[in-house]
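One structure, pasted below without further comment.
Read-outs: derived from the displayed coordinates by stated rules, not from any lab. This structure is a prediction, so every number in the text was calculated from the model and none was measured. Neighbour counts run over all protein chains shown; Cβ positions are idealised from the backbone, glycine included.
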Amino acid sequence: MSDKISLTGLNSTEITETLGLSPAFRGKQIFQWIGKGAESFDEMTNLSMAIREELKQKAILRSSSVTKVLRDSDGTIKLQITLKDGLAVETVLLTDKEDRKTACVSCQVGCAMNCAFCQTGHLGLARNLEAGEIVEQFLYLEKHAGPLDNIVFMGMGEPMINLENVRKAISILTDKEGRALSGRRITLSTSGVIKGIYDLADNGPNIRLAVSLTTADKDFREQLMPIGRTNPLEDLRKAIDYFAKKTGKRVTLEAALLHNKNTTEESARNMINFARGLDVHINLIPWNPVAGLPFSEPTTAECHSFLQKIEQAGINVTLRTRRGREIGGACGQLGKTLLDSQGNGKKLQNVNYQ
């Protein structure tokens, strides 16, 4: 681990103050170069060679490194990124039918939510990511895929549990002096941390919200998603309604469809009743296979039947196209590459299981 200062988690003012730069606009210049994806001080040609050499002694531009690149035939890219302490996370580049590119970034090493259908939830939680480690995922994906259109906090971890660092990363990526990504192009996905939803609504940033609902059957949701025991459905519904009204933004409800589990007539009725009266859009996601988990993929007919039931109730709904499955980069699959690199069946080292 280097004792040099990592700059990706700092804004221009912080860079200036931390490095003791004079004149102050040097910090702005460095910040602009970081936003452009510079990976070395030698690329910063508007700084003198003497300043660049001095910076090399004090700071580094990236604290992490890409240690594996996987590419799916559908255009999905997954990066394994090793952090300064030797732990690793995964981040994914998704491309839709309109060729829009979205970075799916992680906010934690592993995850403590322990959702029954998710690979990442079975890794346990090692630690929160720092703001700079989140920013670096986005910058590495841009290096491999060119300028990105959107960013979603839907990778490894629960963003609401690391909201301070997520906020800082967003402020850096949206800073007009740097990368200048639009807040309208950022979505945070939560498993249903009610306190975080209210916090985000009241204190920003002004981004989009997605909630992993999966099922609106109270007892079954608590089985699948332990967070439901302390963040009950009726209170979650109130928080979603509050967020939509406070921000004026429609909330996305995500549902991983499990064969013969949450695709029944009753499941559809429960979801319709939950969504009715809310400013929401339901995003149905056919479950992607994860070895060792007791679930099966829904059939195509099963997915479309469920979709039709929601549509007939007048609820906004879409069925997501599966992407990234060949490389373990699809929804719910992040962590497979890390497990494989540790050896069959082994979990991440240094993880505190919850």
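Just how large is the dipole of the chain about the Cα centre, in debye to the nearest 20, putting +1 at every Lys and Arg Cβ and -1 at every Asp and Glu Cβ?
In total the dipole reaches around 240 debye.
I would also like to ask the following. So if each residue of separation counts as 0.36 nm, and I subtract the Cα-Cα distance between residue 17 and residue 176, what length gain in nm does that give?
That works out to 55.3 nm of additional length.
Name the shape class, rounded, prolate or oblate, that the alpha-carbon gyration tensor gives for the range 5-60, where a ≥ b ≥ c are the square roots of its eigenvalues, rounded holds for a/c under 1.5, and otherwise prolate holds if a/b is larger than b/c and oblate otherwise.
Rounded.
With θ set to phi - 60°, apply the Karplus curve 6.51 cos²θ - 1.76 cosθ + 1.60 along the range 190-202 and write out the HN-Hα couplings as whole Hz, x wherever there is a Gly or Pro.
Listing the rounded values in order: 10, 7, x, 7, 4, 4, x, 5, 5, 4, 5, 5, 7 Hz.
Determine the dipole magnitude for the range 227-290: charges of +1 sit on the beta-carbon of Lys and Arg, -1 on that of Asp and Glu, nothing else is charged, the reference point is the Cα centre, and the result goes in debye to the nearest 20.
With Lys and Arg at +1 and Asp and Glu at -1, about 220 debye.
Quick check for me: using +1 on Lys/Arg Cβ and -1 on Asp/Glu Cβ, what's the dipole size of the range 99-142 about its Cα centre, in debye to the nearest 20?
So the dipole magnitude of the range 99-142 works out to roughly 180 debye.
With the Cα gyration tensor of the range 156-251 giving a ≥ b ≥ c as the square roots of its eigenvalues, does the rule (a/c under 1.5 for rounded; else a/b larger than b/c for prolate; else oblate) give rounded, prolate or oblate?
Verdict is prolate for the range 156-251.
Roughly how many nanometres apart are two label points built 7 Å out from the Cα toward the Cβ at residue 293 and residue 143?
For the pair residue 293/residue 143, the computed spacing is 3.0 nm.
If you filter the range 106-196 for trypsin sites (Lys or Arg not before Pro), then keep DSSP loop positions with at most 11 other Cβ within 10 Å, what is left?
Passing sites in the range 106-196 are 176.
Anything over 31 Å Cα to Cα? Flag those among 101/218; 245/309; 58/176; 68/246, in the order listed.
101/218; 68/246
Once you sort the root eigenvalues of the Cα gyration tensor of the range 11-96 as a ≥ b ≥ c, which label holds: rounded (a/c under 1.5), prolate (a/b larger than b/c) or oblate (the other case)?
Judged from the Cα gyration tensor, the range 11-96 comes out prolate (a/c at least 1.5, a/b above b/c).
What do you get for GluC sites (Glu not before Pro) in the range 92-195 restricted to DSSP loop and a cutoff of at most 10 other Cβ within 10 Å of the site's Cβ?
98
Kindly work out what percent of the DSSP beta bridges joining two residues of the chain are antiparallel, to the nearest 5.
45 percent
Which FRET efficiency, nearest 0.05, do residue 56 and residue 85 yield, Cβ-Cβ r, R0 30 Å?
0.85
Any chance you could check the Cα centroid distance between the range 214-246 and the range 276-319 for me, in angstrom?
Result: 17 Å between the Cα centres.
From the list (1) 15; (2) 19; (3) 43, can you say which value of percent of Cα pairs over 37 Å apart was derived from the structure given?
Checked against the structure: label (2).
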